[in-house]
Amino acid sequence: MNGPDPPDELSPAERSLDRHLELLRADPPTPSTELVARVIHAARWQRALRHPLLAVSAIAGVIRDGMLLLFGASPRR
Amino acid sequence: MRTRGWRIQMPLRRADIDQSLVERSLAGDLRAFEALVERHRGVVYRVASRIVGADAAEDVSQDAFLRAYHRLDRFRGEASFRTWLLQITTNAALTHLSRRRDESTDDHAVADEAVDRDASRQPVTELERRERQARLELKLRGLRPDYRSLLVLRDLEQLSYEEIAQTLDMPLGSVKGRLHRARGELIDILRNNTYDWELPA
C-alpha cells in the first residue's frame, strides 16, 4: 500500500489485506491487442459524423426559431 | 545530484509528452490520439477491469477513451493527463455498474470460468493461486462501487492521495477516512470465509 505518499500506517488486519491484494497486483489484467484499433476506428467515424450532426442540429434550431417567429408562439418556460 | 535531477525530471517529461499529444490531437492528428491511447491503455484497462470485471472491461475502456477524445478541449492540465483520464474511466465504470442489473450472477460465472479454464493442465499450486485470485476479485466486487474505486486506485494502482482526490472528485481530507472504511469492509467480507482470509504458507 505504498503510493508516492509516505507508506500508510496499517493495522495488522490491513497488513494481511495488503498481502492478499499483492496477489492481484502481481498479476494485473491486460487489454487485448485490438483495444487501440477499436478505439481509433470508433473515434474516426465519430469524428466524421460529428460535423454533419452539428450542422443538422444547427439547421433544426434555426427552423424551430423561424416557426416560433412565424406563428408567434413564445418559447416554453 | 544526478539522482535528484532524474527523479524530478521524469514526471515532467511524461506530462510534457502527454500535453504535446493532446495538443496535436486537438489539431486533428488522430495518430497523436492513438499514441495517447497506447500510452495509457494498460492503466485504463486495469482500473476498468477491477471495477466492472473482465467481461465488460474492454467496452468500458473503449467508452472512456472515446469520452476523453470528445472532451480533449476541456483538459486544462491542472491534473496530469493520466489522472484526468482515470477520472473519466472511473465515471464510465460506475455508470456501467449502475446500468447493470444482474452483476453478482455474472461475476460468479466469470470467477468460476477463470478457475476452470485449462484446469487440467496446471499444477496444483498454480490452480490454488488462480482460485484465490478469482475469489479475491469476486470479493472486491462485493464492495460498494465507491469503496471499490478507492481501493483499486490506492491499493492496486498505488495512486497518491492527491491523485485519488482529483480522480474521484472528493476532498483530499475524505480520501484517507473512506479508504480506511473500504479496507475494513473488504476485511470483513474476506473474514466471512476462513479460506479467503487465511494466507497461504
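The values are calculated or read from the model by the stated rules, or taken from the named source; none is laboratory data. Worth saying up front: this structure is predicted, and the values here are computed from it rather than measured. Here Cβ is always computed from backbone atoms with ideal geometry, including for glycine, and neighbour counts include all displayed protein chains.
Within region B:144-197, the set of residues being crowded, with 19+ Cβ neighbours inside 10 Å and not in a helix (DSSP H, G or I) comprises B:Glu157, B:Leu159. Filtered by the rule that a residue be farther than 16 Å from B:Leu94 by Cβ and at the interface with chain A (Cβ under 9 Å from one of its Cβ atoms), region B:158-170 gives B:Gln158, B:Leu159, B:Ser160, B:Tyr161, B:Glu162, B:Glu163. The test for being farther than 21 Å from A:Ala26 by Cβ, modelled with pLDDT under 95 and surrounded by fewer than 18 Cβ atoms within 10 Å (Cβ to Cβ) holds for B:Asp116. Going by what's in this entry, would B:Val22 be described as more than 7 Å from chain A (Cβ to nearest Cβ), within 29 Å of B:His96 (Cα to Cα) and assigned to a helix (DSSP H, G or I)? Against the criterion (more than 7 Å from chain A (Cβ to nearest Cβ), within 29 Å of B:His96 (Cα to Cα) and assigned to a helix (DSSP H, G or I)), B:Val22 qualifies.
Just the residues that are touching an Asp or Glu at 6+ places or on another chain (Cβ under 9 Å) and facing chain A (nearest Cβ under 7 Å), please, taken from region B:53-74. Correct list: B:Ala54, B:Glu58. Put simply, of B:Ala54, B:Ala109 the only residue that is more than 28 Å from B:Ala165 (Cα to Cα) and at pLDDT below 95 is B:Ala109.
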